Amino acid sequence: MMNTQDNNNTSDGSGSHTSLKITLIAVIVVVVLAATSLIGLRNGMNGKKNEVDAQWSQVENVMQRRADLIPNLVASVQGQMDHESKVFKDIADARRQYAAASTPNDKLKANDELNSKTNVLVNAVQENYPQLASSESVKTLMTQLEGSENRISVERERYIRLVNEYNNKVTSFPASMVAGLFGFSKMDLYKAQPGSENAPKVTFHE
């Protein structure tokens with residue numbers, strides 16, 4: 001009788017030990033799966049953020065190229081357009097605002113303003129100063145400015161698309177539940193003011 005009881009106790013102990021091992025393995029598996037899922041979510045959000053940052057660098061690159069061309073155009077025409085002082089002052093002010101802008105949206109808004117003021121100068125040259133417009137150096141600069149603005153438009157559209165994709169990523173379940181834990185938050189989506197793509201019309205003094 002005693003041997004039978006000992007065997008039963010041994011069996012009970014072995015069964016409990018096995019159950020504990022299974023429970024521990026299950027817990028470990030759950031923890032590993034949860035950690036893997038969190039790492040995957042973080043890496044996904046980080047990847048989208050890196051794409052946005054890289055595209056913003058490209059936007060800044062093409063905007064800066066255009067900004068660097070503007071002083072050359074001003075220097076090429078200013079001597080023969082002295083009475084258009086407001087045009088040059090507006091461009092100078094817009095360039096200062098562009099240089100001072102720090103956030104992407106502020107930079108994009110300042111770029112739109114600089115583009116608008118520069119277009120006023122380009123239109124003035126083309127419409128009121130045909131001799132200047134026919135100058136090879138001025139024509140080359142205006143062509144480069146136009147090409148730069150086209151590239152800015154393309155790169156800016158890509159940037160806006162990537163920001164939108166990133167925002168969708170961090171605000172969609174399940175990433176939205178842990179985005180804040182890893183320092184990811186929704187970005188402001190830039191929207192140009194209606195009509196900002198058009199150069200304002202001004203009256204030039206004779």
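Where a number appears in this text, it was derived from the coordinates with a stated rule and is not lab data. What you are looking at is a predicted structure, and each value in this text was computed from that prediction instead of being measured. Heads up, the Cβs are rebuilt from the backbone with ideal geometry, glycines too, and the neighbour counts pull from every protein chain shown.
Taking only alpha carbon atoms, the chain gives an Rg to Rh ratio of 1.45, where Rh is the Kirkwood radius.
Adding -39500 (n - 2.57) for every DSSP H run of four residues or longer, then dividing by how many residues the chain holds, sets the calculated 222 nm ellipticity at -28000 deg cm²/dmol. Other residues lying with their Cβ under 14 Å from the Cβ of residue 168 contribute a combined charge of +3, Lys and Arg counting +1, Asp and Glu -1. Phi-derived couplings, Karplus 6.51 cos²θ - 1.76 cosθ + 1.60 at θ = phi - 60°, listed residue by residue for the stretch 21-28: 4, 5, 5, 5, 5, 4, 5, 4 Hz, with x used for Gly and Pro.
Maximal additional length on extending the residue 20-residue 38 stretch stands at 3.8 nm, based on 0.36 nm per residue less the C-alpha distance.
Residues considered: 155, 136, 60. Largest GNM mean-square fluctuation over the chain, using C-alpha springs under 10 Å, is found at 136. Projecting label points 7 angstrom from Cα along Cα→Cβ for residue 140 and residue 181 puts them 5.9 nm apart. By the rule of a C-alpha distance below 25 Å, with chain neighbours fewer than 8 residues away ignored, the lysines paired with residue 139 are 86, 89, 117, 201.
Counting 0.36 nm for each residue step from residue 28 to residue 171 and taking away their Cα separation leaves a gain of 48.6 nm. Hydrodynamic radius of the stretch 133-191 by the Kirkwood approach over all distinct alpha-carbon pairs: 14.2 Å. Phi angles across the stretch 91-99 convert, under the Karplus curve 6.51 cos²θ - 1.76 cosθ + 1.60 with θ = phi - 60°, into 3J(HN,Hα) values of 5, 4, 5, 5, 5, 5, 5, 5, 5 Hz, Gly and Pro given as x. For the stretch 11-182, give the magnitude of the charge dipole about the Cα centre (Cβ charges: +1 Lys/Arg, -1 Asp/Glu; no others), in debye to the nearest 20. For the stretch 11-182, the charge dipole is close to 500 debye.
Remark: the stretch 175-189, residue by residue, has Karplus-estimated 3J(HN,Hα) of 4, 4, 6, 10, 4, x, 4, 9, x, 9, 9, 5, 8, 5, 9 Hz, where x stands for each Gly or Pro and the curve is 6.51 cos²θ - 1.76 cosθ + 1.60 at θ = phi - 60°. Take every Cα pair under 8 Å in the chain that's 6+ residues apart, average their separations, divide by the length, and report that relative contact order as a whole percent. Answer for the chain is 31 percent.
A simple spin-label model places pseudo-atoms 7 Å from Cα toward Cβ; at residue 158 and residue 46 they are separated by 2.4 nm. When the charge dipole of the stretch 11-182 is built from unit charges on Cβ atoms (+1 for Lys and Arg, -1 for Asp and Glu) and taken about the Cα centre, the candidate among 79, 35, 174 whose Cα reaches farthest toward its positive end is 35. Against the main long axis of the alpha-carbon atoms of the chain, helix 136-171 sits at an angle near 20°.
The residue among 26, 116, 56 whose Cα reaches farthest toward the positive pole of the charge dipole of the chain, with charges on the beta-carbon of Lys, Arg, Asp and Glu, is 26.
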